[in-house]
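Reading through the structure tokens given below for one structure.
The values are calculated or read from the model by the stated rules, or taken from the named source; none is laboratory data. Note that the coordinates shown come from a computational prediction; the quantities given were computed from them, not determined experimentally. Every residue, glycine as well, gets a Cβ built from its backbone with ideal geometry; the counts of neighbours run over all protein chains shown. Accessible surface areas use protein heavy atoms only, side chains included; no ligands, DNA or RNA. Shrake-Rupley method; radii C 1.70, N 1.55, O 1.52, S 1.80 Å.
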Amino acid sequence: MEKWSCSSLSERQLIGGDFNCTINKKDQLGIPNISQTLTLLVNQFSLTDIWEYLHKNDVVFTFRRGTAASRIDRLYTSNNLKQHIKGSRVVPL
């Protein structure tokens, strides 16, 4: 597998977006779309999925099409910032 290195990367990171994939089976219904690359990035930089951190047992989806659904919109933070996160929610559009 690929390994990333970035000497200028800050110790405080907040990364968010529409990733169009998941890294956990519980975040999807239908055809699996688990990204090994995103999993590697999250693990290598010790990132925490904010929703998962605050809502461990809650399942929500941010994308639906037919019978498929997934949580593809996520925010990740470095582990040293997660204790400062006070809340998160998914707002339907």
Mean accessible surface per residue for the chain, computed with a 1.4 Å probe while every protein chain stays in place, in Å²: 72
Dipole of the chain, positive direction: furthest Cα of Gly66, Ser35, Ile23, with charges on the beta-carbon: Gly66
³J(HN,Hα) computed for each position of region 78-83 - Karplus, 6.51 cos²θ - 1.76 cosθ + 1.60, integer Hz, glycine/proline x: 5, 4, 6, 9, 4, 5
Only Lys, Arg (+1) and Asp, Glu (-1) charged, at Cβ; the chain dipole about Cα centre in debye: 220
For a label point 7 Å along the Cα-to-beta-carbon line of Glu11, residues of region 41-83 with backbone N under 11 Å: 80-81
Computed helical MRE - 222 nm, the chain, DSSP H runs ≥ 4 contributing -39500 (n - 2.57), nearest 500: -4000 deg cm²/dmol
Antiparallel bridge percentage (DSSP; both residues within the chain; nearest 5): 95
Accessible surface of region 19-85, 1.4 Å probe, proportion on carbon and sulfur as whole %: 55
Neighbourhood charge, 12 Å Cβ-Cβ cut-off, centred on Thr48 and excluding it, Lys, Arg +1 and Asp, Glu -1: +1
